[in-house]
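Asker: First the structure, then my questions, so here it is.
The values are calculated or read from the model by the stated rules, or taken from the named source; none is laboratory data. Just so you know, these numbers come straight off a predicted model, no measurement behind them. All Cβ positions, glycine included, derive from the backbone under ideal geometry; neighbour counts span all protein chains shown. Each accessible area value is taken on the protein alone, full model and side chains, heavy atoms only, with ligands, DNA and RNA left out. Shrake-Rupley method; radii C 1.70, N 1.55, O 1.52, S 1.80 Å.
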Amino acid sequence: MDFNLTEEHLMIRDAARDFAQTELLPGVIERDEKQEFPNELVRKMGELGFMGVMVDPKYGGSGMDAVSYVLIMEELSKIDASASVMVSVNNSLVCYGLEAYGTEEQKQKYLTKLATGEQIGAFCLSEPEAGSDATSQATTAEDKGNYYLLNGTKNWITNGGRADTYLVIAQTDRAKGHRGINAFIIEKGMEGFHIGPKEDKLGIRGSDTHTLQFNDVKVPKENRIGEDGFGFKFAMKTLSGGRIGIAAQALGIASGAYELALKYSKERKAFGTEICNHQAIAFKLADMYTEIAAARHLVMAAACKKDASENYDREGAMAKLYASKVAMEQTVEAVQIHGGNGFVKEYHVERLMRDAKITQIYEGTSEIQKIVISRSLIRD
């Protein structure tokens, strides 16, 4: 196994790191407090190719590989997880779903704008009673001949208020169970489509999270993705790749917290010396670094599987499960190393700790990842 990054990968990583430090870092605390993320920074991420990292250049994408995507996600997440989750959803769920399973007409109409960042996408699966149990879709799409009539509610939708294009999962034939589910492309502004208030969240507060309501929305037949009944499989396949993105986000949050803790430990003095010289702190740093390195190997292994066009369901689930655990644990340690300063906003680690928790929940909770992993082991 070759763990060395190519020269191109290093350039991509450095470009993402530079953008995060020069563009995302200024104002990140204020954005968290105000629960907003400026359109100007989204536009800049699009110009850098971050909104369509793995999309074929013929559709406006950057044509990079999954390893590059992981590197970009890690660097952005070190500074601002609200920015990185926007990138993750647009790349892993929306652009990937359209490029892998959409028609050529759908790609030309939607993917070309999403991949450049001209437009932003949202992925709409979760509902009030259908989070981890994705088969229990209450949102319905009634076949009316040349269109579907969409009704229902979607919850916790990232990019929910600012997106232009929404991929919505809905039940068409309940008698068929998960084989009666379809995926549809919905445009902002369609009659009967309403965006609810923004959620007031613990973390990733700059991310735009809303409840969406669909009341007799007429969806053209050509906006269905794949064959009739393909929706559940579409959602599962898409989420499998999305887990790599969130794993990379968790890795970045943990890595960012570690870097801040290391820097602080070299500056803060107690009992006549820098606190990094005290074994209690030195051992914390050693554990943090080791855990993060292990998480990085899992995330990279999943990305390499994807790049090799091999099945990466288990690897993606393992990466997300472990990296999110590391993010939660190591951000707590970073706050502890900072002591009282870690509990105030100006030192950033308290925000990273709050941001870390969601990585154990969205795009499949940690418990769901264990189901995916265990089933793959038993099946093998």
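Asker: What pairs come out if I take residues in the range 27-38 that are crowded, with 17+ Cβ neighbours inside 10 Å and pair them with residues that are in a loop (DSSP other than H, G, I, E, B) and aromatic (Phe, Trp, Tyr) whose C-beta lies under 9 Å away, six or more apart or interchain?
Answerer: Within 9 Å, the pairs are Arg31/Phe37.
Asker: Could I ask something else about it? May I ask you to list pairs of residues, at least six apart or on different chains, whose Cβ atoms are under 8 Å apart, with the first in the range 116-132 being more than 18 Å from Phe234 (Cβ to Cβ) and the second being among the acidic types (Asp, Glu) and open to solvent by 40 Å² or more (accessible area, probe 1.4 Å)?
Answerer: Cβ pairs passing all conditions: Gly117/Glu47; Gln119/Asp164; Ile120/Asp164.
Asker: I've got another one for you. Does the range 133-143 contain at least one residue that is at pLDDT 95 or above and under 22 Å from Tyr96 (Cα atoms)?
Answerer: Within the range 133-143, not a single residue is at pLDDT 95 or above and under 22 Å from Tyr96 (Cα atoms).
Asker: On the given criteria, is Gly241 farther than 14 Å from Ala183 by Cβ, touching a helix residue (DSSP H, G or I) at 6+ places or on another chain (Cβ under 8 Å) and modelled with pLDDT under 95? Give the derivation first.
Answerer: Details: farther than 14 Å from Ala183 by Cβ: yes; touching a helix residue (DSSP H, G or I) at 6+ places or on another chain (Cβ under 8 Å): yes; modelled with pLDDT under 95: yes.
Criteria met by Gly241.
Asker: Please go through the range 330-345 and give me each residue that is within 21 Å of Leu76 (Cβ to Cβ) and surrounded by fewer than 21 Cβ atoms within 10 Å (Cβ to Cβ), ordered by number. Steps first, answer last, please.
Answerer: Step one: filter the range 330-345 for residues within 21 Å of Leu76 (Cβ to Cβ), giving 330-331, 334, 345.
Within the range 330-345, Lys345 is the sole residue that qualifies.
Asker: Out of everything in the range 145-172 that is in contact with a strand residue (DSSP E or B) (Cβ under 8 Å, 6 or more places away or on another chain) and charged (D, E, K, R), what residue ends up being surrounded by the fewest Cβ atoms within 10 Å (Cβ to Cβ)?
Answerer: Asp164
Asker: Based on what the data block shows, is Thr135 closer than 18 Å to Lys237 by Cα, in contact with a Phe, Trp or Tyr (Cβ under 7 Å, 6 or more places away or on another chain) and of a type in the set (Ser, Thr, Tyr)? Lay out the reasoning, then the answer.
Answerer: Working: closer than 18 Å to Lys237 by Cα: yes; in contact with a Phe, Trp or Tyr (Cβ under 7 Å, 6 or more places away or on another chain): yes; of a type in the set (Ser, Thr, Tyr): yes.
Criteria met by Thr135.
Asker: A further question follows. Is it the case that the range 270-282 has a residue that's hydroxyl-bearing (Ser, Thr, Tyr) and open to solvent by 30 Å² or more (accessible area, probe 1.4 Å)? Let's see the steps before the verdict.
Answerer: Taking the range 270-282 and keeping what is hydroxyl-bearing (Ser, Thr, Tyr), we get 273.
Next, only the ones that are open to solvent by 30 Å² or more (accessible area, probe 1.4 Å) stay: 273.
Yes: one or more hits.
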